[in-house]
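For reference, the structure is listed below as structure tokens.
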Amino acid sequence: DVRAMKTKKALANSLQELMLTMNFDKISIEIICKNAGTTRRNFYRHFLDKYDLLGWIYDQDFNFDFNEHPDWTIYDYYPYFCKKLYENRKFYMKAYEIDGQNNLRQISDH
């Protein structure tokens, strides 16, 4: 659904923007929604909580359709990984500082 994806992206952009100036633990669903121009009800249609939204952001940035390039190895994707991390480095540096569920250290341990 195009509308759902638009809302998810607006919420994701809002969280990423807020994390540049606020600690993650200080960011509430209400603040995310206000910044995104949507409602809490709309937020909960798509995400369980802000940790779920954070996980969705990671998935969007690093989820690849490996069928698109069946001959590629993981090493062929490294430039894409690096580019994404560099483009969003301030967000990912802040995300790395988060303790608790869906933190980057936890994800990288798998």
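The values are calculated or read from the model by the stated rules, or taken from the named source; none is laboratory data. Here the structure is a predicted model, which is why all the values come from computation and not from measurement. Quick note on the areas: whole protein, heavy atoms, side chains included, nothing else; ligands and nucleic acids left out. Shrake-Rupley method; radii C 1.70, N 1.55, O 1.52, S 1.80 Å.
Whole number in Å², please: accessible area per residue of the chain, 1.4 Å probe, ligands, DNA and RNA not counted.
Numbers: 7750 Å² over 110 residues.
Averaged over the residues of the chain, the accessible area is 70 Å².
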> Which percent of the accessible area of region 1-53 is formed by carbon and sulfur heavy atoms (probe 1.4 angstrom)?
Replying inline: 49
>> Would you calculate the convex hull of the Cα atoms in the chain and tell me its volume per residue in Å³?
In response: 115
